[in-house]
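Participant: One structure coming up, written as C-alpha cells, with questions to follow.
The values are calculated or read from the model by the stated rules, or taken from the named source; none is laboratory data. Values in this document were obtained by computation on a predicted structure and should not be read as measured data. Note: ideal-geometry Cβ built from the backbone for every residue, glycine included; neighbour counts use all protein chains shown.
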Amino acid sequence: MALSILTVLGLVLLKLSLSILHPRQWVLQQTLSDAYLTYERARAERIPFGDLLGSSSPWPAFPTTTSSEVEIGRLPGNTLVTGTVVRTRIADTANYPIDGGTGTTALNPAAMKVWKAHSVLTYKISNRTYVKSRTVLRSQ
C-alpha cells in the first residue's frame, strides 16, 4: 500500500516538473528568434544607404524579395533551429517617382528618400511554424 502511494506521488511530481519546463522551452525559442531578428535589424541599420538601394542589395525593391536559409541557434540537447528569412524594401509614397514613390515637391520639399527594409523570419520547432518580422525605416 505504501509503495503504491509513493509511486503515485512520484508520478504526480514528475508530471508537475515537466509542466514547469514547457514554458521555459517556449521562452528559449522566442529568445532565439528575437536574437536573430536583432541581428537583422542591426544589419539593416548599418548598411550604407547606397548599398541598400543598389542592384545587389540584400533588400531588393518590392515586389521582388530575396530568401535565404539561416541558422537561428541551438536548443538544449544541441538541437539545431533553422529558418528562412525573406527580405524586401518598400519605398515611402512621399518619395519622388525616380525614388519609387509618387511624391511631389509640395509633398516632399526636402527631397527626402525614405525606405522600409523589411525582414520576415519563418522557422519551425516541433511541427509548429512561427513567423516574426522586423521593419527598419531608413532615410537620406
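Participant: Could you please find all residues in the stretch 107-140 being outside any strand (DSSP E or B), of a type outside the set (Gly, Ala, Ser) and under 17 Å from Leu80 (Cα atoms)?
Facilitator: Residues of the stretch 107-140 outside any strand (DSSP E or B): 107-113, 126-127, 140.
So of that shortlist, the ones also of a type outside the set (Gly, Ala, Ser) come out as 107-109, 112-113, 127, 140.
Passing the criteria: only Asn127.
Participant: With the structure loaded, tell me whether Thr31 is farther than 16 Å from Tyr130 by Cα and surrounded by 10 or more Cβ atoms within 10 Å (Cβ to Cβ) or whether it fails that test.
Facilitator: Details: farther than 16 Å from Tyr130 by Cα: no; surrounded by 10 or more Cβ atoms within 10 Å (Cβ to Cβ): yes.
So Thr31 does not fit the description; no.
Participant: I'd like the full set of residues that are out of contact with any Leu (no Cβ under 8 Å at 6 or more places or on another chain), surrounded by fewer than 18 Cβ atoms within 10 Å (Cβ to Cβ) and part of a loop (DSSP other than H, G, I, E, B), limited to the stretch 81-96.
Facilitator: Scanning the stretch 81-96 gives Thr93, Tyr96.
Participant: Go through the stretch 50-80 residue by residue and tally those that are assigned to a strand (DSSP E or B), surrounded by 10 or more Cβ atoms within 10 Å (Cβ to Cβ) and modelled with pLDDT of 90 or more. Working first, answer last.
Facilitator: Of all residues in the stretch 50-80, those assigned to a strand (DSSP E or B) come to 61, 66-75, 79-80.
Those left that are additionally surrounded by 10 or more Cβ atoms within 10 Å (Cβ to Cβ): 61, 66-68, 70-75, 79.
Checking which are modelled with pLDDT of 90 or more leaves us with 61, 66-68, 70-72.
So the count comes out to 7.
Participant: Among the residues of the stretch 105-140, write down those that are surrounded by fewer than 12 Cβ atoms within 10 Å (Cβ to Cβ), out of contact with any Phe, Trp or Tyr (no Cβ under 9 Å at 6 or more places or on another chain) and not small (Gly, Ala, Ser).
Facilitator: Within the stretch 105-140, Pro109, Asn127, Arg128 meet the criteria.
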